[in-house]
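J.: Okay, here's the structure, questions in a sec.
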Amino acid sequence: MPELIADIAVFAPLRQLFSYRVDESLHDSIRAGQGVLVPFGRRRLSGIVVALRRGSAERLKDVAELLAEEPLLEQALLELCCWAADYYRYPVGMALRSALPAGLTSAAPRVAALSDSLYRPLEVAEQPRGSKQREVLDFIRSAGEASLSLLRDEFSAPHAILERLVEQGFLSKTRIEKLRDPFLADPVKTDQPLPLTEEQQAAFERLQQAVLAADFAPFLLQGVTGSGKTEVYLQTIAEVLKQGRQGLVLVPEIALTPQLVGRFRARFEAAGYRIAVLHSGLSDGERFDSWRQIARGDIHIVIGARSAIFAPLQNPGLIIVDEEHESSYKQGEGFRYNARDLALLRGQKERCPVLLGSATPSLGSAYRCAAGQMEKLELTRRAHAGALPKVQLINLSGQPPEQLISTELQETMAATLAAGRQILLLLNRRGFSPFLLCADCGQTFRCPNCEITLTYHQKAQHLRCHYCDYRMTPPVACPGCEGHQLNPEGFGTERLEQEIAELFPAARIARMDRDTTSHKGAHQKIVREMFDAKIDILVGTQMIAKGHDFPGVALVGVLASDAVLNLPDFRAAERAFSLLTQVAGRAGRTGGGQVLIQTYSPDHYALQCAAEQDYSSFYAQEIQFRQELGYPPAGYLANLVFAGIGEAKVLKAAESLTAYLIAAGSSVEILGPSPCPLFRLRGKSRIQLLLKAEKRPQLKRLLDYADQWKLPAGVSLSVDVDPLDMF
Ligand code: ADP
Ligand code: ZN
């Protein structure tokens with residue numbers, strides 16, 4: 001008589017499942033998705049039952065006990081996590097664990113703390129002295145952030161160590177107030193559905209049909225900035241709620257979208273629907289509470305950033321991914337899933353439509369539409385009067401390179417201030433991958449193999465490709481115009497704020513970036529001051545391009561568009577197009593806006609198309625480039641990053657795997673090894689190997705083969721499938 005066997009994903013860094021015998025006494029209660037305790041070596045580990053089957057249980061140990069009566073994960077979510085763990089090559093137990101709140105996955109029941117502290121790593125290369133300190137810091141760095149209550153589970157008495165790490169500048173610490181959720185604390189005015197424009201109505205009717213059909217259907221809602229995508233989301237969700245199902249709304253970054261949350265609350269709370277907002281400011285206790293409420297079916301709409309894709313809704317009737325082109329949907333470390341892609345998969349498993357929305361869809365989504373795999377719904381006009389702003393490209397070639405703000409932009413700024421209107425200035429600073437640019441004609445240097453901008457290495461005095469490691473010595477004179485002003489670009493631009501202050505001493509200037517918004521409430525404060533017209537000029541990174549409607553802004557200036565256009569990344573043009581289109585959309589929401597973009601490449605199609613807000617021309621040119629070079633979406637990538645202390649050791653490991661992979665004789669292209677753009681990170685040297693395949697199965701086969709290779713001691717290897725940021 002075959003016995004009952006459970007295949008279990010244990011919460012440990014292991015990719016495979018482990019089989020255990022299920023004792024008679026548990027036969028009636030054990031189910032897939034359930035949390036269990038199992039003997040593992042000399043320890044006991046918790047884990048999740050992935051599957052139950054009958055077979056020979058010879059030599060199998062017994063499941064020790066069930067963690068709870070109810071399964072922790074519903075079937076659809078369980079399948080989603082297992083699929084993602086396999087696809088992104090991440091330990092399955094850890095993948096499942098990231099779908100669960102801390103506290104559920106350990107055997108000991110926990111009391112939620114009333115107040116808690118959140119620790120975040122600061123960017124420093126050094127390591128702390130003590131080994132215990134290093135251990136705690138490494139844990140927080142790999143988790144991205146961690147609360148005191150979580151750290152108490154992982155380490156014994158971590159408080160003193162944490163305090164020392166904060167003192168020495170390795171960590172920042174924020175207090176988390178338990179009961180004052182900034183998103184749900186204040187009451188909001190209720191509002192009513194707006195009468196839809198013709199285009200909105202057409203999109204809505206199509207979505208309504210799909211909601212009623214209650215089956216998987218993928219949609220792309222492509223609508224220019226200000227076209228009223230949110231109103232379409234709201235009215236479609238209302239249909240979902242009428243069906244007794246729930247809505248799941250993903251946003252790129254919850255802290256940047258208080259307005260969107262407010263609109264959902266205004267529309268649905270008065271009608272008695274309950275909304276949960278999942279954001280990183282929640283303490284473990286709060287997260288645990290929301291998770292339970294959602295799983296119990298008490299919540300009708302969940303709004304959250306990427307990890308909300310794992311929210312335990314019982315019967316989602318629609319999944320929305322707003323600003324689907326945003327790279328923050330991809331987790332950059334550890335479990336490197338892309339929530340946008342998982343949303344489509346979850347929609348299939350839950351049998352519900354999935355709606356991706358953007359003014360500048362990712363090339364991948366547009367490609368799916370072109371291939372007939374996704375249905376496109378379009379909003380081509382702004383929802384109310386405000387016409388799209390006038391965009392002008394300013395050619396910087398030949399202007400004095402030390403002058404960051406061109407004369408035209410200066411004059412327009414002066415006129416805007418004189419008229420009592422506000423200004424947004426976008427400036428991207430990615431100081432770590434400088435490139436060489438001719439100040440006379442705008443010439444830059446690209447890799448002849450990969451077509452990405454070559455990075456300038458000042459010490460070694462050479463230009464280098466971060467994909468294939470092609471190198472060249474920079475010429476003395478520009479090959480384009482024979483000029484002698486080849487300057488490194490892309491270094492820090494902190495000096496900008498100073499320059500603006502000197503040019504406009506009477507203006508009230510504020511800056512918005514990671515540094516000025518790291519403490520709680522800082523971001524909201526700047527936003528409020530913009531609304532109240534207490535700021536004349538807001539300078540900032542791409543943060544200012546997102547999520548806000550500032551009615552007083554009449555001018556948007558883009559200072560260093562070339563820094564985006566020349567990121568050492570095949571998606572540089574896509575990023576530039578999308579960033580510039582989005583930021584341009586911030587101007588003149590109430591009409592009469594103006595946008596000035598400074599650039600050395602005024603003829604570049606990404607800038608020209610952004611100026612025209614012309615997505616389809618951009619797509620046509622960009623997809624041709626991707627197809628010619630086999631880049632996604634016309635090909636498939638995986639990036640293998642080696643890291644360790646000691647450059648020679650890391651390089652040797654990378655070269656050894658390269659040789660091993662070449663010997664496999666696969667048709668997958670192997671680029672590198674070459675240094676990562678951020679070569680040194682947290683004291684480690686980093687080298688990457690990029691795999692480029694025409695077909696997905698080829699890539700998977702080669703990665704499976706790479707699993708057999710033995711990693712030398714002292715070097716770590718992380719695999720990034722469908723990488724987005726290769727820094
Ligand atoms: P998007 O998300 O597409 O950039 P929003 O949804 O933020 O655009 O809408 C832009 C503005 O247009 C908002 O102020 C919104 O209230 C308004 N709006 C949207 N739909 C309509 C409509 N049908 N009639 C009038 N105003 C609308
Ligand atoms: Zn190259």
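The values are calculated or read from the model by the stated rules, or taken from the named source; none is laboratory data. Quick caveat, the model's predicted, so the values are computed rather than measured. Cβ sites come from the backbone with ideal geometry, for glycine too, and all protein chains shown count toward neighbours. Accessible surface is based on the protein model in full, side chains and every heavy atom, while ligands, DNA and RNA are left aside. Shrake-Rupley method; radii C 1.70, N 1.55, O 1.52, S 1.80 Å.
J.: Would you kindly enumerate the cysteines in the chain that have no other Cys beta-carbon under 4.7 Å from their beta-carbon?
T.: 81, 82, 352, 369, 468, 609, 676
J.: What are the aspartates and glutamates whose alpha-carbon lies under 16 Å from the alpha-carbon of residue 692, with same-chain residues fewer than 8 places away excluded?
T.: Filter leaves 451, 469, 569, 628, 669, 704, 720, 722, 725.
J.: Okay, next question. Here is the link list: 349/695; 546/695; 229/330; 330/459. Which ones come out longer than 28 Å on Cα distance?
T.: Beyond 28 Å between Cα atoms: 546/695; 330/459.
J.: Moving on to the next point. Under the rule of at least 5 residues apart or a separate chain, name every residue whose amide H is placed under 5 Å from the amide H of residue 65.
T.: So residue 65 has HN proximity to 37.
J.: Now, a different point. Would you work out what percent of the accessible area of the chain, with all protein chains in place, is carbon or sulfur (probe 1.4 Å)?
T.: Answer for the chain is 50 percent, counting heavy atoms of protein chains only.
J.: Out of the stretch 450-547, which trypsin sites (Lys or Arg not before Pro) are coil in DSSP terms and have no more than 14 other C-beta atoms within 10 Å?
T.: In loop regions of the stretch 450-547 (DSSP not H, G, I, E or B), the sparsely surrounded trypsin sites (Lys or Arg not before Pro) are 459, 508, 514, 534.
J.: While we're on this one: Under the definition of Cα pairs under 8 Å and six or more residues apart, what whole-number percent is the relative contact order of the chain?
T.: Result for the chain is 11 percent.
J.: Long-range amide H contacts for residue 223: which residues qualify at under 5 Å (H placed 1.01 Å from N, peptide plane, sequence gap of 5 or more or a different chain)?
T.: 358, 359, 379
J.: Read phi for every residue in the stretch 248-262 and hand back ³J(HN,Hα) as whole Hz from Karplus 6.51 cos²θ - 1.76 cosθ + 1.60, θ = phi - 60°, with x for Gly and Pro.
T.: Values per residue, Gly and Pro as x: 10, 10, 9, 10, x, 8, 5, 5, 8, 10, x, 5, 5, 4, x Hz.
J.: So what J values fall out for the stretch 503-511 if you push phi through Karplus, 6.51 cos²θ - 1.76 cosθ + 1.60 with θ = phi - 60°, rounded to Hz, Gly and Pro as x?
T.: Values, residue by residue: 5, 10, x, 8, 6, 8, 10, 9, 10 Hz.
J.: For residue 446 and residue 705, FRET efficiency with R0 = 45 Å and r from the beta-carbon atoms, rounded to 0.05?
T.: About 0.90, to the nearest 0.05.
J.: Looking at the chain, what % of its DSSP beta bridges pair antiparallel, to the nearest 5?
T.: Looking only at bridges with both residues in the chain, the antiparallel portion is about 55 percent.
J.: Follow-up question, since we're still on this one. Taking θ as phi - 60°, what are the ³J(HN,Hα) couplings along the stretch 668-680 by the Karplus curve (6.51, -1.76, 1.60), each to the nearest whole Hz, with x for Gly and Pro?
T.: Residue by residue, the stretch 668-680 yields 5, 6, 10, 9, x, x, 8, x, 5, x, 8, 5, 10 Hz.
J.: Check residue 454: other-chain or 5+ apart residues with amide H under 5 Å from its amide H, H built from backbone geometry?
T.: Here 445, 446, 447 satisfy the definition.
J.: For a protection proxy built on the mean count of beta-carbon atoms within 10 angstrom, sort 43-49, 404-410 highest first, please.
T.: The packing order, highest mean first, is 43-49, 404-410.
J.: Let me ask something else about it. Tell me the per residue accessible area of the stretch 3-104 using a 1.4 Å probe; a whole number in Å² is fine.
T.: Working: 4800 Å² over 102 residues.
Ligands and nucleic acids excluded, the figure is 47 Å² per residue.
J.: How much accessible area per residue does the stretch 327-398 have, counting only protein heavy atoms and a probe of 1.4 Å, in square angstrom?
T.: Per-residue value: 40 Å².
J.: For the pair residue 327/residue 27, report the inter-label distance in nm, with labels modelled 7 Å from Cα in the Cβ direction.
T.: Label-label distance for residue 327 and residue 27, simple model: 5.5 nm.
J.: Report, ordered by chain and residue number, the lysines lying within cross-link reach of residue 173, taken as a straight Cα distance under 23 Å and ignoring same-chain residues fewer than 8 apart.
T.: By straight Cα distance, residue 173 reaches 132, 520, 525.
J.: Moving on. Hey, can you find the accessible area per residue of the stretch 636-721 for me, probe 1.4 Å, expressed in square angstrom? It would help to have the intermediate numbers written out before the result.
T.: On the way: 4010 Å² over 86 residues.
Roughly 47 Å² per residue, with all protein chains present.
J.: If I model a spin label as a point 7 Å beyond the Cα along the Cα-Cβ vector, how far apart are those points for residue 159 and residue 52 in nm?
T.: Reported label-point gap for residue 159 and residue 52 is 4.4 nm.
J.: May I ask for log10 I(q)/I(0) of the chain at q = 0.06, 0.08, 0.10 Å⁻¹, from a Debye sum over the Cα atoms as equal point scatterers with solvent left out?
T.: Debye intensities relative to I(0), on a log10 scale: -0.38, -0.69, -1.12.
J.: Show that you can apply the helix-only estimate: for the chain, add -39,500 (n - 2.57) for every DSSP H stretch of four or more residues, divide by all residues, and state [θ] at 222 nm to the nearest 500.
T.: That comes out to -9500 deg cm²/dmol.
J.: If you don't mind, another one. At 0.36 nm per residue, and after removing the present C-alpha to C-alpha distance, how many nm does the segment from residue 201 to residue 718 gain when stretched out fully?
T.: Working: separation 517, 0.36 × 517 = 186.12 nm, distance 4.63 nm.
Taking 0.36 nm per residue and subtracting the Cα distance, the gain is 181.5 nm.
J.: If you don't mind, there's one more thing I want to ask. Which order do 173, 330 take when ranked by solvent-accessible area (1.4 Å probe, heavy atoms of all protein chains), largest first?
T.: 173, 330
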